[in-house]
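Written out below as structure tokens is the structure these notes cover.
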Amino acid sequence: MRREGRGEVLGRPTTPGQCAASSLQEGLRGSLAPVSRRRCTHAQCPSCDICTKLLRSHAGVVRQTDNRCLCTIMRDDDGATESCSKMFDMSIQEINGKGPKKRKKSLEPNCDTDRGECGNEKVDVKNGGGVNEESKEQRGVGDKSVELLHWRDMPQHLQFNPYVLTGYRPLQSFGGCVRSLFYFHNETINILTHGVSLLYMMAVLPGLLPWGGGSGAWFLSLCHLMGALAPWCGSFLYHLFMNHTQGASLYHRLLQLDMLGIWVSQSIGAIPMVTATVYCAPTLLRYAALAVYCLGSLLGLYKAMRAWSPWERRLCFAAPFCMRLLLAGARAANLAGGDPHAILHVFLQDAVSLGGGVIGAMHIPEKWFPGTVDRCLNSHNIMHVLVVLAVYSMHQVCNNNMHTFTNHALYTTCQ
């Protein structure tokens, strides 16, 4: 909308027939330093079509409760010359249908998941502040409604996979995170795969281990039980509470807990296999191999607690992995001990977990089809299923070796 008349915009006179926003844009592209700090005098601006959109679009970004004219906000903010100019130019591009169309959170209705208050509509800047035809996706929990967000709406610490675009839970309290178990989002598969595995292992696995066997079988059984339960505990808590309102600080603590569980599985959980492999070796060599493996595992723990990228978190377990690979080769060549019937699972327990780690780090297949596998069959879902299979192979190796220890057959073959 244009109105005829004269006025001032940022100290620049407007000519008859000239929109106030046009003069405002010219003033912003010039120098803002000499502009006086007097109140804005262009009365036409609140009715100007473009300025009204700019006021809606940036009032919440610059100062959410400020109802002053946009140019007054820009003039009164000290040291904001460059940022204000960029902000105005980006807004003009968005209004004209050009430039990035990043969703602005200030335009969307606030959603309080704890009270169950959630807006059903969002403001569309391009359409002049109207209602967008596509409402936000919601999931109901009882009489409450939870709004699932887009990747662009999430805080930076939760934007770790740019190819999973939808289905994100908003920031929630502990109660809201627990209630997210009862509706479908992009972390549901990750939570259920390891949550169900945790319950099954706790109920079944202790009764399958020979706790009363000889040759330190109780200690090896304990190591295997810890290695089988730890990854599920850390992963379940991490994926369930990763969107908590405490933000990045709690998220990184949960991530470290997840890495700790993986480390326990990769290091302590593999001690029965390492022990069975070097059981027939000379005493000095046997204890030296165990000491090297333990030192490599401690080095992996140190790196795991300080890793910040997906590849760093996976490479921190390289030392114990290489040690296990070397021992597996010795078993395959009949140069070491252990049950020969378990050799297939000896290789599978590391090969499957390695494949899952590579798939997760490379974001396959969502890299090829962004937004199509957000809820199911994305790289993290596949990695979780492969980890379950890897732990199954680890259990088969340990079970065969433990029965060998119990029956003393391994000891007789070493004579």
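For the stretch 257-332, a simple Cβ point-charge model (Lys and Arg +1, Asp and Glu -1, everything else neutral) yields a dipole of about 80 debye relative to the Cα centre. For Q172, the amide hydrogen comes within under 5 Å of the amide hydrogens of H244, T245, counting only partners 5 or more places away or on other chains and with H modelled in the peptide plane. Simple spin-label estimate for Y287 and W218 gives 2.3 nm between the two label positions (7 Å along the Cα-to-Cβ direction from each Cα). The equivalent ellipsoid of the stretch 248-340 has semi-axes of 30, 11, 10 Å, largest first, where each one is the square root of 5 times an eigenvalue of the Cα gyration tensor. P(r) tail for the stretch 212-267: Cα pairs beyond 17 Å make up 47% of the total. Residue ranges 241-253, 349-361 sort as 349-361, 241-253 when ordered by packing (mean number of other C-beta atoms within 10 Å per residue, highest first). Full extension of the chain segment joining W368 with V196 gains 59.0 nm, where the gain is 0.36 nm per residue of separation less the Cα-Cα distance.
For the stretch 346-405, the list of chymotrypsin sites (Phe, Trp or Tyr not before Pro) that fall in a loop by DSSP and count at most 10 other C-beta atoms within 10 angstrom reads W368. A simple rule links phi to the HN-Hα coupling: the Karplus curve 6.51 cos²θ - 1.76 cosθ + 1.60 with θ = phi - 60°, which for the stretch 161-167 gives 10, x, 9, 9, 9, 10, x Hz, with x for Gly and Pro. Sequentially through the stretch 268-283, phi angles give Karplus couplings (6.51, -1.76, 1.60; θ = phi - 60°) of 5, x, 8, 4, x, 5, 5, 4, 5, 5, 9, 4, 8, 6, x, 4 Hz, Gly and Pro residues having no value and appearing as x. Entry note, the stretch 289-400: relative contact order of 24 percent, from Cα contacts under 8 Å with a spacing of 6+ residues. The phi-based Karplus calculation (6.51 cos²θ - 1.76 cosθ + 1.60; θ = phi - 60°) puts the 3J(HN,Hα) values of the stretch 360-375 at x, 6, 8, 6, 9, x, 5, 4, 7, 10, x, x, 9, 10, 5, 8 Hz, whole numbers, x for Gly and Pro. Between Q156 and A203, the distance separating the two model label sites (each 7 Å from Cα on the Cα→Cβ line) works out to 4.4 nm. The H on the amide N of V146, modeled in the peptide plane, is under 5 Å from the matching H of R139, G140, V141, each at least 5 residues off or on a different chain.
No value in this document is a laboratory result; all are computed from the given coordinates. Owing to the predicted nature of the structure, the values given are computational and were not obtained by experimental measurement. Here the Cβ is made from the backbone with ideal geometry for all residues, glycine too, and neighbour counts use every protein chain on show.
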